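Take this structure first; my questions come after.
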Amino acid sequence: MQLLKDIATLGQIPALLKLKKGMTPRPADVTDCFGARVEENARQHGNHSAIVCEGKAVNWSQFNALANQYADVMRDQGLVRNDRVCVMMENRIEFLALLVGLNKLGVTAGLLNTNLTGRSLMHCINVIEAKKCIFGGECAAAVEEVQADLALASASDFLFISDAPNNATPCPPWALNLDELQAKASTENPSETGHNTLGQTALYIYTSGTTGLPKAAVMSNRRYLMSADMSGTAGLKTKPGNRIYLCLPLYHATGLLLGVGSAFSTGASMYVRRRFSASAFRSDIRDNHCTHMVYIGELCRYLTNIPEEDGDAKIPLHSIMGNGMRPDIWMSFKQRYGIQRICEIYGASEGNVAFANLMNKDLTVGMTSAEVALVQYDVDQDEIIRDGNGRCVEVSPGEPGLLLGKITPDTVFEGYTDPSATEGKILRNALAEGDAWFNTGDLMRVVDVGYTLGYDHYQFVDRVGDTFRWKSENVSTNEVGEIINGFDQIKFCNVFGVEIPGADGRAGMASLTLNEDVKALDLERFSAFIREALPSYAVPVFLRIDEDIDVTGTFKMLKGDLRKQGYDIEQIGGPVYVMKNGETGYTPLQADYVEALNSANAGF
């Protein structure tokens, strides 16, 4: 059996050699962009399917022509290379064509989360100094709420794209009707495309914000195309005639880089859904002959838990790529749906290193060509361990350690629009004088998966420090804590993540110390306060009331023991409360609900 696995590994060599050539960083002044890739697909595969979405289908020639029309309109609106605009639209053909049209002009698109409203939406538009806001009819209400308070001109800087027949919202009087302008525009390839360089910023992809104030991560043409080429060539391994199932929000990097990028890179087709539906998954795959898919772990967990049907293992899907596939569901998901290839990846929108399981090994995020280090981290003290010279200490083989990615000319840390936020993620003089490393905030370990052509393979262990992941979003404990401390009954709070069996990531929990004159937390008022101040995924699931908060000698709050106790009411001396799945207020945590949580029957 091991010999067969080793032979299979050797079979990956041609793709890996091709990948190595494509992934060798090219100079920033080389001309290329994903808009140019779409033009190439239109030339070479014009009659091949590009996108199927909601009963509509376009081939590569038609898709390229629509993108050109959007580019023509945006040029007429005065946009030029390096200008910035915001785009707020759900997954659909128009959204992707608009991004390609903007990229052809060299205009940077900030991809707004379609769930944003109010202050957080204003922040995301303002932080990149957007010159235009382009939105779909499905998002009109959210944009209308803030449009008068933005530094954008009514009736000229807002552009509307209809969502008919799904949404009958008409173009508001304070926006231009982009549909009417697009219908009259040229379908010819714009000349600007050939002058776009790899070093230009293609996109701003916002990190998950817990206070409603996300950071805009910089995505250059080079990083986008390297991810797209990696996915298409050696990850999903797509080609014209294949179809990729895309149901993740495309304002996030996973679907947009791995899935859409693979199609742009290889000419494969995409089946695009607005949002994930577990009940529609199998019929979507069968009816549209989807052979590839981009996933996140939470999606796969849902699909593992739905009732089995005859023929689950015979659907056309055979290769998937994504992140967050946990070991407890990996093999069962693979066997149930007849998956031949799981290409788990690891990375961050703003990070300078990425891992990919290109050799199809089980239970690993794969390998990287970047220089990385795993250093010792004290989870209980929540800090990096350093030696007598103040240097980080690398872990022994097989031991978990904090992952650092070395910042070099080939592995640039592009960071955020905020320089201070960028600097905050860099460790300087970590292993040697003058070096600089990107701090991922994640624990990883090297694992033995058999013959790997000389590459180490890594396994994700956990997030550490001040961030945990829940509902496929990153939650900053510091930012949540700052919000909670604004409630008038709270003296201190310590926020951390706890594991719930059967759920992906960690659920938020807050240890609260009340003001001296407060006898009991006003649960109704606090519940309303926290739900209004935080997005749903950042609202702590659990609360515990403690007399005091443990801190280190430098007054850093300790979380280790709290994480170990979790929501075990037998170990916690004070009151414990829970906001149950689907409810809007906190109630006392009782033993029967603890049992439901521990048996994975609480709906999380």
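For Asp387 and Ala600, what does the FRET efficiency come to when R0 = 35 Å and r is the distance between their Cβ atoms, rounded to the nearest 0.05?
0.25
What FRET efficiency would be calculated for the residue pair Arg26, Tyr455, taking the C-beta separation as r and a Förster radius of 25 Å, to the nearest 0.05?
Here the calculated transfer efficiency is 0.65.
Let me ask something additional. Can you compute 3J(HN,Hα) from phi for each residue in the range 364-376, using the Karplus curve 6.51 cos²θ - 1.76 cosθ + 1.60 with θ = phi - 60°, rounded to whole Hz and x for Gly and Pro?
My calculation for the range 364-376 gives 8, 7, x, 10, 9, 9, 7, 7, 10, 9, 10, 10, 5 Hz in order.
Right, something else. Could you quote the convex hull projected area for the chain, Cα atoms only and averaged over all directions, in nm²?
28.4
Would you list the membrane-span-like helices of the chain, meaning whole DSSP H runs whose alpha-carbon atoms span at least 18 Å along their axis and whose mean Kyte-Doolittle value is at least 0.5?
Those that pass (Cα extent of 18 Å or more, hydropathy at least 0.5) are 93-105.
Cβ neighbours within 10 Å, averaged per peptide: list 87-96, 180-189 in order, most packed at the top.
So the peptides 87-96, 180-189, ranked by packing, come out 87-96, 180-189.
Take the alpha carbon gyration tensor of the range 31-346, find the square roots of its eigenvalues, order them as a ≥ b ≥ c, and report rounded if a/c is under 1.5; if not, report prolate when a/b exceeds b/c, else oblate.
Prolate is the answer for the range 31-346, as a/c is 1.5 or above and a/b outweighs b/c.
Just from its helices, what would the mean residue ellipticity at 222 nm be for the chain, if runs of 4 or more DSSP H residues each count -39500 (n - 2.57) and the sum is divided by every residue, rounded to the nearest 500 deg cm²/dmol?
Value at 222 nm, helices only, nearest 500: -8000 deg cm²/dmol.
Here is a further query. Using a Cα distance threshold of under 24 Å, what count of lysine pairs results for the range 31-346 when pairs must be 8 or more residues apart or interchain?
The result is 16.
Right, next: Under a point spin-label approximation (7 Å from Cα along Cα-to-Cβ), what is the Asn305-Ala153 distance to one decimal in nm?
With each label point 7 Å from Cα toward Cβ, the separation is 5.1 nm.
A follow-up question, please. Within 10 Å, count the other beta carbons around each residue, average over each peptide in 355-361, 478-484, 303-309, and list them highest first.
355-361, 478-484, 303-309
Still on this structure, please answer the following. Set the Förster radius R0 to 41 Å, insert the Cβ-Cβ distance between Thr187 and Thr408 as r into 1/(1 + (r/R0)^6), and round the FRET efficiency to 0.05.
Taking R0 as 41 Å, the efficiency between Thr187 and Thr408 is 0.45.
On a C-alpha basis, how far is the centre of the range 281-317 from the centre of the range 366-400 in Å? Whole number, if you could?
Centre-to-centre distance over Cα atoms comes out at 38 Å.
Follow-up. Stretch Leu558-Asn581 to full length: gain in nm at 0.36 nm per residue minus the Cα-Cα span?
5.5 nm
For a test of the definition: using alpha carbon positions, the gyration tensor, and the 1.5 limit on a/c, classify the range 246-286 as rounded, prolate or oblate.
Since a/c reaches 1.5 but b/c is at least a/b, the shape of the range 246-286 is classed as oblate.
To the nearest 20 debye, what charge dipole does the range 362-465 have about its Cα centre, counting +1 at the Cβ of each Lys and Arg and -1 at the Cβ of each Asp and Glu?
With only Lys, Arg, Asp and Glu charged at Cβ, the dipole is about 120 debye.
None of the figures in this text is laboratory data; all of them are computed from the coordinates on show. Computed from a predicted model, the values in this text were never measured in an experiment. All Cβ positions, even for glycine, are placed from backbone atoms using ideal geometry, and neighbour counts span all protein chains on display.
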